[in-house]
Amino acid sequence: MSAEIGFAVVGLGMGRHHCKAVQSAPGARLVGVCDLDPERLAPAAEEYDCKAWNRLDELLADDAVDVVNIATPSGTHVELALKVAAAGKHLIVEKPADIRVDRIDELIAAVDKAGVKAAGIFQSRLDPLNGQIRDAVADGKLGNLIGVHGHLPWYRKQAYYDGDHGSWKGTWDMDGGGSLMNQGVHTVDLLQWFAGPVASVMGMFGVFAHDIEAEDQAVALLKFECGAIGTLFTTTCAFPGFDQRIMLYGSEGSVSKREGALDGWKLINDEDGSQEAQMLESFGLKADKKSGSADPLAVSFDGHTQIVIDLMDAIREGRDPHISLDSARHAVEIINAIYESGRTGKEVTLGKGA
Ligand SMILES: NC(=O)c1ccc[n+]([C@@H]2O[C@H](COP(=O)([O-])OP(=O)(O)OC[C@H]3O[C@@H](n4cnc5c(N)ncnc54)[C@H](O)[C@@H]3O)[C@@H](O)[C@H]2O)c1
């Protein structure tokens, strides 16, 4: 492999963020793009001045490609990724890594066997504020966690599900669900990244305001292995789309954030409020934060760039990427358990490959 690492991006909706991320990462070169839709393929190849393939098999035959970024409909991720790993190329796989945990496990085994590296995409973990919250929990600053809550009151017009590339969204076999699996997976991942594994769930979901198959609103009760309990709420019905809220309460303090901004950092031992003032100064509400609350593409690609850089470092250093597929699987396991609970009306215990 040359000092420069060659990338190809498959799927040119969100995949365009991957193209920009690759082009912004020092040492990465975008060799080409791939999409079944010629109306997306040609303009992207022209804009990024790179090769165009309309089939994955064609790009896999190109020796200049070292890494393949998969940004196709979620239910196709593992099917395509297995071919990439078998061709001896490294991988970046959009969220969710797939819609089924057994398939993610199949991919983890295939990646291991092929000796390639594979990263998932959970760019929220790279937000410095989220890193601070995770560290605060791990360092015991909140004491014993008691409550862990995530709310995602987002909005998507019907056109989001009906447009040229909308027909897979909100379906069980390609999206693996609706507001929870597609939009909510980042929130679910953050909750488990902050608080640790979820032991059991109870869920309820339905279709309320869209003509879709799966769901556009879901609620769940969560029991964490650490002993905390919590709530989760996701929707694409909340016109015009409000900020994601995450709140964690512990025996020694509480943290509250709204989308990318901190709005409360209350520690019992911070009697003069100086720690909170410092945290609010660094991470408090800023008017320029980008949010996907009403527009799916209004998210920054900075996190994707960091994931590209980390994967290149992982390849060079022979280590796992920081967001490994292994660490990306639990969110999918939690979500599928919530759907199972909603269908059966029963509490579902995790760890059985839900
Ligand atoms: N990280 C994030 O914040 C974020 C945001 C939005 C979407 N996503 C994820 O990105 C993925 C794509 O979502 P999207 O909204 O861009 O969908 P989309 O439908 O707009 O784009 C998917 C593209 O993949 C192409 N495609 C499908 N099958 C293909 C194949 N076999 N070979 C080549 N091209 C193929 C389609 O033609 C389409 O252009 C999903 O998994 C979604 O969850 C992630």
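Throughout, read-outs are computed from the coordinates displayed, never taken from laboratory work. Since the model is a prediction, treat every value here as computed from it, not as a measurement. Neighbour counts run over all protein chains shown; Cβ positions are idealised from the backbone, glycine included.
Within the chain, what percent of beta bridges assigned by DSSP are antiparallel, to the nearest 5?
Numbers: 37 of 64 bridges.
Percentage antiparallel, nearest 5: 60.
Normalised by the number of residues in region 1-137, what is the relative contact order in percent for Cα pairs under 8 Å and 6+ residues apart?
Numbers: 228 pairs, mean separation 27.2, N = 137.
So the answer I get is 20 percent.
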So, counting K/R as plus one and D/E as minus one, what does the shell of residues with Cβ under 11 Å around Asp105 add up to?
-3
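What is the packing order of peptides 262-269, 218-225, 304-311, 274-281, taking the mean over residues of other C-beta atoms within 10 Å and listing the highest first?
Values: 262-269: 16.8, 218-225: 20.5, 304-311: 22.6, 274-281: 14.2.
Final packing ranking: 304-311, 218-225, 262-269, 274-281.
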With a point put 7 Å past each Cα toward its Cβ, work out how far Ala61 is from Thr231 in nm, to one decimal.
5.7
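Roughly how big is region 86-147's charge dipole about its Cα centre, with Cβ charges of +1 (Lys, Arg) and -1 (Asp, Glu), in debye to the nearest 20?
Values: 9 positive and 9 negative charges, 24 e Å.
Charge dipole of region 86-147: 120 debye, to the nearest 20.
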If you place +1 on the Cβ of every Lys and Arg, -1 on the Cβ of every Asp and Glu, and leave all else neutral, what size is the dipole of region 166-247 about its Cα centre, to the nearest 20 Debye?
300
Honestly region 289-352 on the Cα gyration tensor test (a ≥ b ≥ c root eigenvalues; a/c under 1.5 rounded, otherwise a/b vs b/c for prolate or oblate) is just oblate
Gain in length, Asp49 to Ile146, computed as 0.36 nm per residue apart minus the alpha-carbon separation, to one decimal in nm?
29.7 nm
Which entries in the list Lys51/Lys113; Lys141/Lys257; Lys169/Lys223; Lys83/Lys113; Lys89/Lys169 go over 20 Å, if you measure between the two C-alpha atoms of each?
Lys51/Lys113; Lys169/Lys223; Lys89/Lys169
What is the extension gain from Ala277 to Ser167, computed as 0.36 nm multiplied by their sequence separation minus the C-alpha to C-alpha distance, in nm to one decimal?
34.9 nm
State the Cα centre-to-centre distance between region 80-99 and region 145-193 in whole Å.
21
Please compute P(r) over all alpha-carbon pairs of region 1-54, binned at 10 Å starting from zero, and give each bin as a whole-number percent.
28, 56, 15, 1
Most exposed first, judged by fewest Cβ atoms within 10 angstrom, Ser282, Ser256 run Ser282, Ser256
Roughly how many nanometres apart are two label points built 7 Å out from the Cα toward the Cβ at Thr344 and Asp263?
3.7
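Given the peptides 32-40, 69-77, arrange them by the average over their residues of other C-beta atoms within 10 Å, most packed first.
Numbers: 32-40: 19.0, 69-77: 24.1.
Packing order, densest peptide first, comes out as 69-77, 32-40.
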Evaluate the distance, in nm, between pseudo-label points positioned 7 Å from the Cα of Ala138 and of Arg319 along their respective Cα→Cβ axes.
1.2
Chymotrypsin sites (Phe, Trp or Tyr not before Pro) restricted to region 3-75 and DSSP loop, no more than 16 other C-beta within 10 Å
none
Just going by the charge dipole of region 1-159, with Lys and Arg at +1 and Asp and Glu at -1 on Cβ, which of Ile146, Ala119, Pro38 is farthest out on the positive end?
Ile146
Dipole size in debye (nearest 20) for the chain around its Cα centre, Lys and Arg Cβ +1, Asp and Glu Cβ -1?
360
For the chain, what relative contact order do you get, as a whole percent, if you take Cα pairs closer than 8 Å and at least 6 residues apart?
19
Cβ neighbours within 10 Å, averaged per peptide: list 148-154, 123-129, 206-212 in order, most packed at the top.
148-154, 123-129, 206-212
Top positive-direction residue, dipole computed over the chain with Cβ charges, set Gln217, Leu60, Gly170
Gln217
